[in-house]
Amino acid sequence: MANANGASARMRVFRGTLIHATPEEAVKILEDALLGVQADGKIAFIGEGKDLHRLSQEFAFTPSSVTHLEKHEFFMPGMVDTHIHAPQYSYAGTALDMPLLDWLNKYTFPVESRFRDKSFAREVYTQVVKRTLKNGTTTACYFATIHTDSSLLLGHIADDLGQRALVGKVCMDRNNSVKHYKETCQESLEETRRFIAELLGKKYALVKPVVTPRFVLSCSGTLLGQLGQLAKNNNLHIQSHISENIEEVKIVKELFPDLDSYTDVYHKHNLLTDKTVMAHGCYLSNEELALFRETGASLSHCPNSNISLRSGFLNVRNVLNHKVKLGLGTDVAGGYSASMLDAVRRTLDTSKILSIQDPELETLTFEEVFRLATLGGSQALSLDDQIGNFQVGKDFDALRVNVAVPDGPIDLIQLEEPKIMLERFLNLGDDRNIVEVYVAGRKVVPYPKKPLC
């Protein structure tokens, strides 16, 4: 029913350039487009500017209420961070002097043990959600810690600030040298069940639990199997790490000598499903990639971390050729930047390095990597029916980008065509260029000011 102001009080309409990806086109540009957003945050229509009069009548909005983007602005889908460790944000940008396994024991586990303190957790988790939103991450797949209550707090903060999130209480019952950061198999399972039940009980619209065995080195076979069953019984997402580091792959083989591969360990424990995302995958064989494809599991490419911890390089082209779902991740704090723009740039850098080593390898284009950061991430998290691009019926998760923002990082010498503006933003832009962020139609950046009383 229309109120005294008409349906326009509920329908928001934008006019300007839209840039997004589809399965067929890595970059699709709609100039002078009209996009309507319903009160529930879903996209009601996408049309052409010339059809303003017809659309205003059909969808009952007044043309004068339309928000017009400037010529140097465009909307793009929100970016999807498919792998980030929220507690590690507390030391992001430091402690990158060791390979993975040493790094975990010296830096990560001692820091994560501090998250039994909810006040400390609140401070860090508020900062990381705000920072990632400001940098255009509308959806994040978070590792928390083994602490149930702090992990629930991360879900609350993401919901409060308006970020779409998958949140995982970390599970690990072996191979941890840190005195105050341990749990038994039984404790891990009981607390994971409590975490899932309480987070689902909150009925957050955009925040859901994800079953999170840290990785095979940290989990007994019993715990892996029980977590696989738990995810199956509750139809939940699953996240973990795989084949990040050569030494890690070697130890997994020693722990499970009767299984064919690292991938087979997860598969045999029912942890490889079409709602699974595994980070890294630098050393997966073609046979393992075939198993990913067969099960519908996905990979999160975390190039900054792969380089910073000297883990290796993922051949993204080979993954895509195997038709495995793939998104990008920042992997804070192994990756030192919480910005998905950094993940885009490091993805391109890694592809170019691999093509130098192998001139036969086809280098990734910026258009392809743009798709990985948006639609690809939504596919990797099995959320592409809701987000990832601009389609009628999907949620309006979007970034309003201004490439010519005053005092910004991009010097716009002349008005460029939209595709060039996108390329410059991906290569040169930062949070200053992201002037507005929408999640499910709600404007979450700039942050709404809290009332003084």
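The values are calculated or read from the model by the stated rules, or taken from the named source; none is laboratory data. Every value quoted in this text rests on a predicted model; they were computed, and no experiment measured them. Every residue, glycine as well, gets a Cβ built from its backbone with ideal geometry; the counts of neighbours run over all protein chains shown. Note: accessible area is taken over every heavy atom of the protein model, side chains too, but ligands, DNA and RNA are not part of it. Shrake-Rupley method; radii C 1.70, N 1.55, O 1.52, S 1.80 Å.
Overview of values
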quantity	calculated
Mean shadow area of the range 124-207, taken as a quarter of the surface of its Cα convex hull (nm²)	5.7
Per-pair calculated FRET efficiency, R0 = 35 Å: Phe120 and Lys71 via Cβ, rounded to 0.05	0.15
Solvent exposure, largest accessible area first (probe 1.4 Å, DNA, RNA and ligands not counted), of Phe390, Phe256	Phe256, Phe390
Ordering of 73-84, 55-66 by burial proxy (mean other Cβ atoms within 10 Å per residue, highest first)	73-84, 55-66
Directionally averaged shadow of the range 1-107, computed from the convex hull of its alpha-carbon atoms, nm²	11.6
Separation of the Asn286 and Phe45 label points, Cα + 7 Å toward Cβ, nm	5.1
Unit Cα scatterers, Debye sum, the range 116-155: log10 I(q)/I(0) for q = 0.30 Å⁻¹	-1.05
Whole-angstrom gap from the range 364-391 to the range 292-357, using each part's C-alpha centre	14
Accessible area per residue, Å², the range 295-453 with all protein chains present, probe 1.4 Å	40
Positive-end extreme of charge dipole, the chain - chosen from Thr365, Asn286, Gly221 (charges on Cβ)	Gly221
Cross-link partners of Lys419 among lysines (Cα-Cα below 18 Å; sequence separation of 8 or more within a chain)	Lys28, Lys71
Where Ile29, Ile246, Ile387 fall by accessible area, highest first, once all protein chains stay in place (1.4 Å)	Ile246, Ile29, Ile387
Share of carbon and sulfur in the accessible heavy-atom surface of the range 245-319 [1.4 Å probe, %]	50
Reference-scaled alpha-carbon Rg (2.2 N^0.38 Å with N residues) for the range 289-362	1.10
Positive dipole terminus of the range 1-103, leading residue within Ala44, Gly78, Ala21 (C-beta point charges)	Ala44
Under the Karplus curve 6.51 cos²θ - 1.76 cosθ + 1.60, θ = phi - 60°, whole-Hz ³J(HN,Hα) for the range 39-51, x wherever Gly or Pro sits	4, 7, x, 8, 6, 8, 7, 9, x, 9, x, 5, 9
Linear extension gain, Asn321 paired with Asp358, 0.36 nm per residue minus alpha-carbon span	11.7 nm
With Cα atoms, 0 to 90° folded angle of helix 418-428 axis to the chain main axis	40
Paired Rg and Dmax values of the chain, which use every Cα atom, in angstrom	22.0, 71
Computed magnitude of the charge dipole of the chain (debye, nearest 20; Cβ of K, R +1, Cβ of D, E -1)	1420
Charge-dipole axis of the range 238-352 as Lys and Arg at +1 and Asp and Glu at -1 on Cβ define it, positive-most pick from Thr273, Asn315, Ser243	Asn315
Cα-based reach from Lys323 at 17 Å (exclusive), listing aspartates and glutamates while leaving out same-chain residues under 8 positions away	Glu24, Glu25, Asp274, Glu287, Glu288, Glu294, Glu362, Glu368, Asp384
Surface per residue (accessible, 1.4 Å probe) for the range 1-143, Å²	43
The range 339-412: radius of gyration and largest Cα-Cα distance (Dmax), Å	15.5, 44
Residues of the range 415-448 with amide N under 15 Å of the 7 Å Cα→Cβ point at Ala205	438-445
Point-charge dipole on Cβ atoms (K/R +1, D/E -1) for the range 1-104, about Cα centre, debye to 20	560
